[in-house]
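The values are calculated or read from the model by the stated rules, or taken from the named source; none is laboratory data. All values reported here derive from a predicted model rather than from experimental measurement. Here the Cβ is made from the backbone with ideal geometry for all residues, glycine too, and neighbour counts use every protein chain on show. For accessibility, only protein heavy atoms count, side chains too; no ligands or nucleic acids. Shrake-Rupley method; radii C 1.70, N 1.55, O 1.52, S 1.80 Å.
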Amino acid sequence: TAHSYNNVAVAYMCFDRYPEAIEQLKQALKIELCTKGKYTPGTLNVYDNLAFIYAQNREIENALDNIMVAIDISNKINGEVCGKSIELFERAGKLLAKYEDSENALNYLYHALELRFKIANEDKLPNGPKPSFELADLCHEIGSVYFGMTNFKEAERMLNNAVNILSDVEDDAPELRDWTYHLGLAYARQNKHEDALASFKEALARRVKYYGGEHPDVVDAYR
């Protein structure tokens, strides 16, 4: 029955009917807690979905409350070094950044990065940890938080890491259209004009290749 309530909530979510989705998930959670207890995959799934829907509905504080419970459950039943726990740490960091709690956001994002590196080291290549999109995306997210804090030196460092890692994974990855542009902004804010120009030119070339000559993102890169 709890599973059915959860499925109805997901259906409501597909129609952006968030209040109805939240009510269905609360029913699912009540049943899960009464019948199976807190530390189970089913309860974790409901808290996870509640966090996601609250975030979609821009109720960041409620989203954070639920994702913190989900992290606690996942750590106990799955351990920290597993995909689900790491994903929850990442999402908590992103939510804290939206909540303008940059210091705590960085704590969660760096912890997720450390765990990702542990996994990458298990698949270690001769020249270092195996690169992955997940590692690159975390570096980009951390760089974005630093940029918002006007710490442009650290933003440059992490955005550079993001671009280099993702280029190793997939040289033509679509995310590089924007990440090279963001790196250019970090250079420009430090008056590193030659580096900024090189990054903006790379962003422009990638955007023209992807979008063609007439697109707002292409115009932005020319500007």
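Some points to look at:
- Checked against (1) exposed (fewer than 13 other Cβ atoms within 10 Å of the Cβ); (2) within 20 Å of the chain's Cα centre (by Cα), Glu170 passes all but a single condition, namely (1).
- Residues in the range 183-223 that are exposed (fewer than 13 other Cβ atoms within 10 Å of the Cβ) and not in a helix (DSSP H, G or I): 5 in all.
- Given (1) open to solvent by 30 Å² or more (accessible area, probe 1.4 Å); (2) under 30 Å from Glu20 (Cβ atoms); (3) not aliphatic (A, V, I, L, M), number of the condition Glu90 does not satisfy: (1)
- Residue match in the range 174-182 (condition: more than 20 Å from Ser102 (Cα to Cα), assigned to a helix (DSSP H, G or I) and without any contact (Cβ under 8 Å) to a residue 24 or more places away in the chain): no
- In the range 68-85 there is at least one residue matching the filter, namely being assigned to a helix (DSSP H, G or I), touching a Lys or Arg at 6+ places or on another chain (Cβ under 6 Å) and open to solvent by less than 50 Å² (accessible area, probe 1.4 Å).
- Residue in the range 46-53 that is among the small types (Gly, Ala, Ser), under 18 Å from Ala2 (Cβ atoms), open to solvent by less than 70 Å² (accessible area, probe 1.4 Å) and under 18 Å from the mean Cα position of the chain (by Cα) present: yes
- Residues of the range 128-145 satisfying the condition of being part of a helix (DSSP H, G or I) and open to solvent by 30 Å² or more (accessible area, probe 1.4 Å): Phe133, Glu134, Asp137, Glu141, Ser144
- Index of the failed condition, Thr150 passing every other in (1) outside any helix (DSSP H, G or I); (2) open to solvent by 60 Å² or more (accessible area, probe 1.4 Å); (3) farther than 28 Å from Leu96 by Cβ; (4) not acidic (Asp, Glu): (3)
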